[in-house]
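The values are calculated or read from the model by the stated rules, or taken from the named source; none is laboratory data. Since we're looking at a predicted model, the values are computed, not measured. When we count neighbours, we look across all protein chains shown, and the Cβ atoms used for this are built from the backbone with ideal geometry, even at glycine.
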Amino acid sequence: MKQMLISTTLIAGLAAGILSDAPAATAAECYADYKAKQDAPLRLHYGVIQIGGACSKPAAKAEISGRLSAAGWTLLNVLSIFGPDGLEQRKADAGPYFLRF
């Protein structure tokens, strides 16, 4: 009985370790806030966007730049990377550009 309990605990621990290494199973939501512009006439906006790739500024910059340029905007800079807990505090400032792209 004691050996069975140890084996069950070991198997559960191994399974948890395997599952925690799976990127899809543990992928956290990732967001960024950014500033962008359009020329002729000059227009600026602050926005919040969900990132689908790696949750880092360099990866976010590439992803956001591509999405914005398809809509005629140029990315100026990525301000920060954050999780879902930072969404509500940025929603009012982003206005119509909150999760738009």
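For the range 46-94, which positions are in contact with a Gly (Cβ under 9 Å, 6 or more places away or on another chain), among the small types (Gly, Ala, Ser) and under 12 Å from ASP33 (Cβ atoms)?
Selection gives GLY47, ALA60, SER80, ALA94.
Can you pull out the residues in the range 38-51 that are in a loop (DSSP other than H, G, I, E, B) and free of Cβ contacts under 8 Å to residues at least 12 places away in the same chain?
Once the filter is applied, which keeps residues that are in a loop (DSSP other than H, G, I, E, B) and free of Cβ contacts under 8 Å to residues at least 12 places away in the same chain, the range 38-51 yields ALA40, PRO41, LEU42.
Yes or no: the range 8-22 includes at least one residue that is of a type in the set (A, V, I, L, M), out of contact with any Lys or Arg (no Cβ under 6 Å at 6 or more places or on another chain) and either modelled with pLDDT of 50 or more or under 14 Å from ARG100 (Cβ atoms) (or both).
Scanning the range 8-22, I find no residue that is of a type in the set (A, V, I, L, M), out of contact with any Lys or Arg (no Cβ under 6 Å at 6 or more places or on another chain) and either modelled with pLDDT of 50 or more or under 14 Å from ARG100 (Cβ atoms) (or both), so the answer is no.
May I ask you to list pairs of residues, at least six apart or on different chains, whose Cβ atoms are under 9 Å apart, with the first in the range 67-85 being assigned to a helix (DSSP H, G or I) and the second being of a type in the set (Val, Ile, Thr) and surrounded by 17 or more Cβ atoms within 10 Å (Cβ to Cβ)?
From residues that are assigned to a helix (DSSP H, G or I), the pairs are ARG67/ILE49; LEU68/ILE49.
Scan ALA40, ALA32, ALA60, ALA36 and give me the residue that is surrounded by fewer than 17 Cβ atoms within 10 Å (Cβ to Cβ) and either small (Gly, Ala, Ser) or touching a strand residue (DSSP E or B) at 6+ places or on another chain (Cβ under 7 Å) (or both).
When all the criteria are applied, what remains is ALA40.
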